[in-house]
């Protein structure tokens, strides 16, 4: 299945009858607040599973940032699929474990890290995802807007832009295009992410 950019394909509160596996593209995951605001809780790309949590309804929405291709699986048929493909059960357990670690990292990021540490951490995590999908590369694909990044990191757009400019001035990154970052000094960027600046 395909979701064009801007299309929501998982709706918070809808009955969780299916789960999804993204095969290409990037989606923003978000929760809506009663007053209409939304909080971006993550970004999902190739290989990510969505909607695995045991609940009667989806706890988040997923919207395509760029065209997203995904597979949709019925929860009812999940048990049969796990019986037919035991390796899938192991993979889903790994996914659930990774999501727990990511949630803990996000709590640390929002609760204790400075703006510079947050942006550096975000770029490194995106680089790891890009490298896992393509090859070891210094290029980081950023299909999300600066506003999305700010929302995800709990910062303002201005702070994200200023921090990226500062990291560029320090020759840690290059910005050849708004949707692409080049990591010029991974060790230095990791030091910034860890607060060793």
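The values are calculated or read from the model by the stated rules, or taken from the named source; none is laboratory data. These figures come from a predicted structure and were not determined experimentally. A quick note on method: Cβ atoms are made from the backbone with ideal geometry, for glycine too, and the neighbour counts reach across all protein chains shown.
Every residue, every condition in (1) at pLDDT 90 or above; (2) out of contact with any strand residue (DSSP E or B) (no Cβ under 9 Å at 6 or more places or on another chain); (3) surrounded by 11 or more Cβ atoms within 10 Å (Cβ to Cβ); (4) not assigned by TED's automatic domain parsing to the domain that holds residue 39, yes or no:
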site: 71; (1), (2), (3), (4): yes, no, yes, no
site: 88; (1), (2), (3), (4): no, yes, yes, no
site: 122; (1), (2), (3), (4): yes, yes, yes, yes
site: 126; (1), (2), (3), (4): no, no, yes, yes
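For segment 93-114, indicate whether the set of residues that are surrounded by 17 or more Cβ atoms within 10 Å (Cβ to Cβ) and at pLDDT 80 or above is non-empty. Yes, that holds for at least one residue.
Which of the residues that make up segment 42-52 are at pLDDT below 90 and more than 26 Å from residue 82 (Cβ to Cβ)? Scanning segment 42-52 gives no hits. Checking the stated criteria, residue 25 turns out not to satisfy the condition of being in contact with a helix residue (DSSP H, G or I) (Cβ under 8 Å, 6 or more places away or on another chain) and within 18 Å of residue 152 (Cβ to Cβ). Scanning segment 73-86 for residues that are modelled with pLDDT of 85 or more and either in contact with a helix residue (DSSP H, G or I) (Cβ under 7 Å, 6 or more places away or on another chain) or surrounded by 14 or more Cβ atoms within 10 Å (Cβ to Cβ) (or both) returns a single hit, 73.
For the condition at negative phi, surrounded by fewer than 19 Cβ atoms within 10 Å (Cβ to Cβ) and either in contact with a strand residue (DSSP E or B) (Cβ under 6 Å, 6 or more places away or on another chain) or not assigned by TED's automatic domain parsing to the domain that holds residue 156 (or both), residue 61 does not qualify.
Filtering segment 157-181 to residues that are modelled with pLDDT under 95 and assigned to a loop (DSSP other than H, G, I, E, B) leaves 178, 179. Scanning segment 42-58 for residues that are in a strand (DSSP E or B) and either over 20 Å from the mean Cα position of the chain (by Cα) or exposed (fewer than 12 other Cβ atoms within 10 Å of the Cβ) (or both) yields a single hit, 57.
When the residues of segment 175-190 are filtered to those that are more than 21 Å from the chain's Cα centre (by Cα) and surrounded by fewer than 15 Cβ atoms within 10 Å (Cβ to Cβ), the one that is farthest from residue 147 (Cα to Cα) is 187. Considering the conditions (1) closer than 21 Å to residue 77 by Cα; (2) at pLDDT 90 or above; (3) surrounded by fewer than 20 Cβ atoms within 10 Å (Cβ to Cβ), residue 31 is excluded by exactly one of them, (1).
Only residues that are touching a strand residue (DSSP E or B) at 6+ places or on another chain (Cβ under 6 Å), at pLDDT 75 or above and part of a helix (DSSP H, G or I) were counted in segment 128-147, giving 0.
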